[in-house]
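Below is one structure; the comments refer to it alone.
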Amino acid sequence: MFRNLSPGAIGVNPADIDVFQAASSAGFEGLDPDFAPLLAGGSAAEFKARFEEHGLKIGGWGLPVAVYGSDEEYDAALSRLSAVAEAAASVGAVRSATWILPCSDTLPYEENFDFHVRRLKPCADVLDRFGCRLGLEFIGPRTFRETKPHAFIHTQDEMLALARAVGPNVGLLFDSWHWYTSHGTLEDIEGLTDDDIVQVHINDAPAGVDVDEQIDNVRALPGETGVIDLTGFLRTLNKIGYSGPVTPEPFSARLKEMSAERALKAAGEALELTWVKALGVR
């Protein structure tokens, strides 16, 4: 596994910086790709060369399909997915992911499960044709779903069941925040394999807040508070042989007050310190 940067996940607009230089300077080992140059007819060799020039691996990317959109929006995005997946595969970017709402205003659990299979399976089938995988992220906080009449998937095992119903190339986008807020354990992670996990997000939680009162978009940098057992989290991922990107997603108000360069540096340093503490290597 490797330390990966997604600029948007730390509140930085990639248009404001040289993302390759910034990622390398901040100590990241990988970077989420932007396929716009490829989709505009650019060379896959040149695309990969930029990553190689800065010693960066290619990270993950978000599924560009409106899973919760209207039928028209969904169909339009699905029709464009083959071009994106082909571009991604041409540079070895095979890890796509999306998040799944843990509740519904209208659909009971089983109906909602069937809805997600109908929407996600065609996406997974397209990705599979190009050797790409799809990670599904469960949303853990109780506060996210408590005001809705119908709860839905919000734990690791539930999401794995959906992943298996969708397709053989589908697994988890596994986030330390959602693992913690869903009352996940290290033993839960030990039951996974590298094939079960497509991408990983990492962050910490505010101190002094009960786990069931945590608010989804109020988080902290990795290792900032010590509320989440990130040492155990990373060690266990390493133990099961997870091989993909580990990307900070702190939703930090403090980072938003910084310049893009300072925010990247702070995120990179926090992740590196957490990494060294857990694994003993930089």
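Taken together, the values in this text are just the output of simple stated rules run on the coordinates, not laboratory data. Bear in mind that the values here come from a model prediction, so they are computed numbers and not experimental data. In this analysis, Cβ positions are derived from the backbone assuming ideal geometry, glycine residues included, and neighbour counts consider all displayed protein chains.
Do you know the relative contact order of the chain, to the nearest whole percent, from alpha carbon pairs under 8 angstrom that are 6+ apart? Across the chain, relative contact order equals 22 percent. The chain has equivalent-ellipsoid semi-axes of 27, 26, 17 Å, by the square roots of 5 times the alpha carbon gyration tensor eigenvalues, sorted largest first.
Taking other Cβ atoms within 10 Å as a rough exposure proxy, His154, His201 sort from fewest to most as His154, His201. Normalising the Debye intensity of region 1-151 to I(0), with uniform scatterers on Cα atoms only, and taking log10 at q = 0.19 Å⁻¹ returns -1.20. Within the shell of other residues whose beta carbon sits under 9 angstrom from the beta carbon of Thr143, the net charge comes to -2, with Lys and Arg scored +1 and Asp and Glu -1.
For Thr143 and Glu190, a Förster radius of 25 Å and the Cβ-Cβ distance give a FRET efficiency of 0.35, rounded to the nearest 0.05. Along the axis of the charge dipole computed for the chain (Cβ charges of +1 for Lys and Arg, -1 for Asp and Glu, origin at the Cα centre), the listed residues Val246, Ala23, Ile202 are led at the positive end by Ala23.
Summed over qualifying helices (DSSP H, 4 residues or more, each -39500 (n - 2.57)) and divided by its residue number, the chain shows a 222 nm mean residue ellipticity of -13000 deg cm²/dmol.
Roughly how many debye, to the nearest 20, is the charge dipole of region 2-279 about its Cα centre, given +1 on each Lys and Arg Cβ, -1 on each Asp and Glu Cβ, and no other charges?
Values: 23 positive and 42 negative charges, 105 e Å.
About 500 debye.
Within the listed set Asp128, Asp194, Asp210, the residue fluctuating most in the Gaussian network model of the chain (springs between alpha-carbon atoms under 10 angstrom) is Asp210.
Using R0 = 45 Å, the C-beta based FRET efficiency linking Ser90 and Phe115 works out to 0.90.
Cα centroid separation, region 132-200 to region 219-282: 19 Å.
If I stretch the segment between Val211 and Asp34 completely, what's the gain in nm (0.36 nm per residue apart, minus their alpha carbon distance), one decimal? Don't skip to the end; give the middle numbers.
Numbers: separation 177, 0.36 × 177 = 63.72 nm, distance 3.49 nm.
Full extension of this stretch gives 60.2 nm more.
Computed extension length for Asn238-Glu52: 64.5 nm, one decimal, from 0.36 nm per residue of separation with the Cα-Cα distance subtracted.
Under the convention that each Lys and Arg Cβ holds +1 and each Asp and Glu Cβ holds -1, the size of the dipole of region 165-282 around its Cα centre is about 540 debye.
Extension gain, Asp18 to Asp75, is 17.1 nm, computed as 0.36 nm per intervening residue step minus the present C-alpha separation. A dipole drawn for region 2-279 from +1 and -1 charges on Cβ atoms has a positive end, and of Asn112, Leu78, Ile58 the residue lying farthest that way is Ile58. Highest GNM mean-square fluctuation among Ala207, Ala124, Ala97, for the chain modelled with Cα contacts below 10 Å: Ala207. In this label model, Leu273 and Ala165 are separated by 4.3 nm, measuring between points 7 Å along each Cα→Cβ vector. Here the simple spin-label model places points 7 Å from the Cα toward Cβ, and for Asp125 and Val281 these points are separated by 4.1 nm. Pick from Pro14, Pro250, Pro222: which residue has the top mean-square fluctuation in a GNM of the chain where Cα pairs under 10 Å get a spring? Greatest mean-square fluctuation among the candidates belongs to Pro14.
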